[in-house]
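Some notes on the structure that comes next.
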Amino acid sequence: MSILALETSCDDTCAAVIEWDGRIRANVISSQGVHDSFGGVVPEIASRHHLELVNLVVEDALTAAGVSLSEVELVAATQGPGLVGALLVGLSTAKALAATRALPFAPVDHLQGHVAANFLLASAPAEPGDLPREAPFEPPFVCLIASGGHTLLAHVRERDGFEVLGRTLDDAAGEAFDKGARMLGLGYPGGPALERLAAGGDADAFSFPGSRRERARGGRGTARQAFARSLDFSFAGVKTALLYRLEELAPAGDRVRADLAASFQGAIVDALVLRAEQALERLGLERLAVGGGVAANGELRRRLRGLGISLHVPPRVLCTDNAAMIASAARYVRALPYPDYLSLDVYATGELALAA
Ligand code: KG4
Ligand code: ZN
């Protein structure tokens, strides 16, 4: 018997079927490329596209899995956080699917989903650059989730919960990559484009707030010390610094743009690696899992591998938003019997009390 899950918290319409042991039978993701020309996700357009796509995506997932609805034992969907209109499409569709067969329903927190991507068996194809991955990564570990919408450090003690150690106070890491890329005249999503530009640049050419170079120089007194104690992230400063540098150096030639991209990327990666390292040290752990779209960044992976700890990066398709991770988390959520879930609503921000 299988679990069917839906994920529609942002701009990807996703449905997946997994088995209780974590085997993925189908993991369908329909990405809405329409947002690229706007330079970011337009919530209203995302909801409308989810509405058009959701039934097709569910059908595709069931077909690809070779499973009929009568073989589904549990239905799940992302309840939040995310774009309300987008979440509503997935949650309503999933509740309706469950209700037609009086099946139980599991509401899943999106971030718990990213954590639970680590508990899947890696039958999803790994892409070049992904680390080898055979078995689930078992708690306890620290999980760094860095995407366009979230940047979070979580202490995962058990499979059914996590404790937030730190989160971003302003932009998410992926958002910072996207905004930096836009300033450098690159397309959206900016992360991969900025990484490509950075490949030809010198990461030590410019000093940005939060970078190793800045810290080595002593940074800024008390603010620096206070920040070092916290496991929270802030990317507003590095973004503004890039803006000022670009203004000072305008018109920046190819060499300077590449150096700026490399230094900017270096500062973001430094912040992520430093906080992850601090979290591991504080907890006395040597196990780190990474999720979210920014996990694809080569420099981040290289630096994390350099920590000499046990590092787990799921295949890229499981790092970015997908429904297999939601199905995985659903296994550890208290499912509601029919019809108790019919009045469930979505939530835009925050997370459930998930601490184990
Ligand atoms: O997890 P994700 O696919 O979607 C959500 O945000 O939910 O993450 C997308 C984010 C974008 O901000 C994108 O620029 C960033 O991940 N990203 C990268 C790379 N690939 C994607 N950032 C840095 N380097 C990359 N190679
Ligand atoms: Zn996500």
Looking only at residues that are within 14 Å of Thr151 (Cα to Cα) and of a type in the set (A, V, I, L, M, F, W, C) in segment 263-278, which one is nearest to the chain's Cα centre (by Cα)? Leu272
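Is it fair to say Arg282 is open to solvent by less than 70 Å² (accessible area, probe 1.4 Å), of a type in the set (Lys, Arg) and over 27 Å from Gly185 (Cα atoms)? Talk me through it step by step, then tell me what you get.
On the way: open to solvent by less than 70 Å² (accessible area, probe 1.4 Å): no; of a type in the set (Lys, Arg): yes; over 27 Å from Gly185 (Cα atoms): yes.
Answer is no for this residue.
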Restricted to segment 273-304, and to residues that are within 16 Å of ligand 1 (Cβ to nearest atom) and touching a strand residue (DSSP E or B) at 6+ places or on another chain (Cβ under 6 Å), which residue is farthest from Glu158 (Cα to Cα)? Val294
Residues of segment 90-123 classified as away from ligand 1 (no atom under 16 Å from the Cβ) and within 14 Å of Ala348 (Cβ to Cβ), total: 1
Which residue pairs have Cβ atoms under 8 Å apart, sit 6 or more places apart or on different chains, and have a first residue in segment 236-255 that is in contact (Cβ under 8 Å) with a residue 12 or more places away in the chain and a second that is of a type in the set (Asp, Glu) and crowded, with 17+ Cβ neighbours inside 10 Å? Ala236/Asp171; Lys239/Asp171
Test: Glu214 is of a type outside the set (A, V, I, L, M, F, W, C), surrounded by fewer than 24 Cβ atoms within 10 Å (Cβ to Cβ) and not in a loop (DSSP other than H, G, I, E, B): yes
Under 7 Å between Cβ atoms, which residue pairs at least 6 apart in sequence (or on different chains) link something in segment 146-167 that is open to solvent by 10 Å² or more (accessible area, probe 1.4 Å) with a partner that is among the charged types (D, E, K, R) and within 16 Å of ligand 1 (Cβ to nearest atom)? Gly148/Glu175; Gly148/Asp178
Inter-residue pairs, beta-carbon under 6 Å, first more than 22 Å from Gln278 (Cα to Cα) and in segment 306-323, second away from ligand 1 (no atom under 12 Å from the Cβ) and among the hydrophobic types (A, V, I, L, M, F, W, C), 6+ apart: Pro315/Ala124; Pro315/Ala126; Val317/Ala124; Leu318/Ala124; Ala323/Ala5; Ala323/Leu6; Ala323/Ala15; Ala323/Ala16
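Here's the yes/no breakdown for (1) over 21 Å from Asp109 (Cα atoms); (2) modelled with pLDDT of 95 or more:
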{"residue": "Val273", "(1), (2)": "yes, yes"}
{"residue": "Leu288", "(1), (2)": "no, yes"}
{"residue": "Ala329", "(1), (2)": "no, yes"}
{"residue": "Asp340", "(1), (2)": "no, yes"}
{"residue": "Leu352", "(1), (2)": "no, no"}
{"residue": "Ala355", "(1), (2)": "no, no"}
Among the residues of segment 310-333, is there at least one that is more than 16 Å from ligand 2 (Cβ to nearest atom) and under 17 Å from the mean Cα position of the chain (by Cα)? yes
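The values are calculated or read from the model by the stated rules, or taken from the named source; none is laboratory data. Worth saying up front: this structure is predicted, and the values here are computed from it rather than measured. So basically every Cβ, Gly included, is an ideal-geometry build from the backbone, and we count neighbours across all protein chains shown. For the accessible areas, the whole protein counts, side chains as well, though only heavy atoms, and no ligand, DNA or RNA atoms are used. Shrake-Rupley method; radii C 1.70, N 1.55, O 1.52, S 1.80 Å.
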